[in-house]
Amino acid sequence: MRATKAIIHLDNLKSNIKNIKSFTDPSHTKMCVAVKADAYGHGAVQCAKAVLEAGADFLAVATVDEGAELRQAGIKAPVLMLSLCCPEEVPQAVKNDITPLVFDTDYAELFSKEAVAQGKDNYAVHLAVDTGMGRIGVLPEDAGKAAEAILSYKNLSLGGMCTHFAVSDCTDEESRRYTKLQFSRFEEAVGNVKKSGIDPGIRHCCNSAATLDLRECHLDMVRPGIIAYGYYPGDMNSDYFTQKGTPVELKPVMTLESKVCAVRPFTSGKSVGYGRTWTSDSETDIGVLTLGYADGMLRKFSSAGICVAVDGKVYPVRGRICMDQCMIDLGLNSGVKRWDRAVIFGDRRDGALQTADDIARLTGTISYEITSCITKRVPRVYTE
Ligand SMILES: *Cc1c(COP(=O)(O)O)cnc(C)c1O
């Protein structure tokens, strides 16, 4: 196996699920774990199996292909599809019993026709409500009519209703008010469906932030994603929940590691890499890692002051990150040897001295993007 790999700690994943579960009342709140985007880069099938073992009830994907991958692996749990698919994907979606989020009659009709064609009765769809995310969903005032329309189509049933929060991970007052408004608009939408004499099914609206922070909004199901993989959403961190009196321990599931594949002595004045953006101002040793932007060590990390840990010490990345390689400055007499393990981010157990969140902060993004941009070329190694 190549030097660069992502270690996936399924024990951490399960421990995170257990800790998240302690925030919900399992007697009436189910858990749907987002495994979209290959489980945020961690590997959908393995992670799906682990979270189901740890007590998740539903899985959430973004695309039909992602749902089909879970079915091919023998996973039977209900699978929600959070994004829209094209008409030509609907047969595959129905064949794999993927539950779409529906909010208009054209889209509902596609699923109805296909459910009839495949002889599937009571095909469950969830009604999406746009309470302020501005992405998909009916407006709350139209929810009753939309639910009636769904049920007027042959072979469809209303399995649930959902909405999605835009700023539940922001702790400022204005955002809090906006989330409360979104929740009350969702309740209004549910009320409108009930007024039409229709059972709204499973009501769900909480992403990671709301699952931990707004327990009064859990309703019948929560939909955590990033916290399952060990990262706090948005403004939130461990201190935030401790101060609130509801501490929660989340452990990073992924460790990204490589090896120092060469140690090169540099004289003063020798430059590193494309564009010659860094030149040594004294003698030093440069370590070469076989990890580049095509692995997810993004080129924009080059100038962000990212460091890599080798044997308990950190060394800065120098010059531009290449497609397949990058270089770190070991200084003189570091003691670092060829083939030593170099850890980019992850679990301290593996020698990581920073997390995907630390890299995200340095590079102006979020942990979600750091882990989900680790590409297919990087083997995932699963450990329990
Ligand atoms: C991705 C997604 C989630 C999970 O979001 P996190 O912030 O990772 O918890 C929940 N609901 C919907 C609709 C999503 O698209």
Checklist line | Selection count where residues are within 12 Å of the ligand (Cβ to nearest atom) and either charged (D, E, K, R) or assigned by TED's automatic domain parsing to the domain that holds TRP339 (or both), scope the range 1-40 | finding: 1
Checklist line | Residue that is surrounded by the most Cβ atoms within 10 Å (Cβ to Cβ) [pool: residues in the range 141-165 that are within 16 Å of the ligand (Cβ to nearest atom) and outside any loop (DSSP other than H, G, I, E, B)] | finding: MET161
Notebook entry, point to check: Can you pull out the residues in the range 171-199 that are under 23 Å from ASP235 (Cβ atoms), assigned to a loop (DSSP other than H, G, I, E, B) and away from the ligand (no atom under 16 Å from the Cβ)?
Noted result: ASP172
Next item on the list: With the checklist (1) part of a loop (DSSP other than H, G, I, E, B); (2) more than 12 Å from the ligand (Cβ to nearest atom) in hand, flag the one item SER168 doesn't pass.
Entry: (2)
Next item on the list: Kindly provide the set of residues from the range 363-384 that are part of a helix (DSSP H, G or I) and either touching a Lys or Arg at 6+ places or on another chain (Cβ under 7 Å) or in contact (Cβ under 8 Å) with a residue 60 or more places away in the chain (or both), ordered by number.
Entry: THR363, SER367, TYR368, ILE370, THR371, SER372
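Only one residue in SER258, SER238, SER282, SER303 is surrounded by 14 or more Cβ atoms within 10 Å (Cβ to Cβ), among the hydroxyl-bearing types (Ser, Thr, Tyr), away from the ligand (no atom under 16 Å from the Cβ) and free of Cβ contacts under 8 Å to residues at least 60 places away in the same chain, so which one is that?
The match here is SER303.
The values are calculated or read from the model by the stated rules, or taken from the named source; none is laboratory data. Source: prediction; values computed, not measured. All Cβ positions, even for glycine, are placed from backbone atoms using ideal geometry, and neighbour counts span all protein chains on display.
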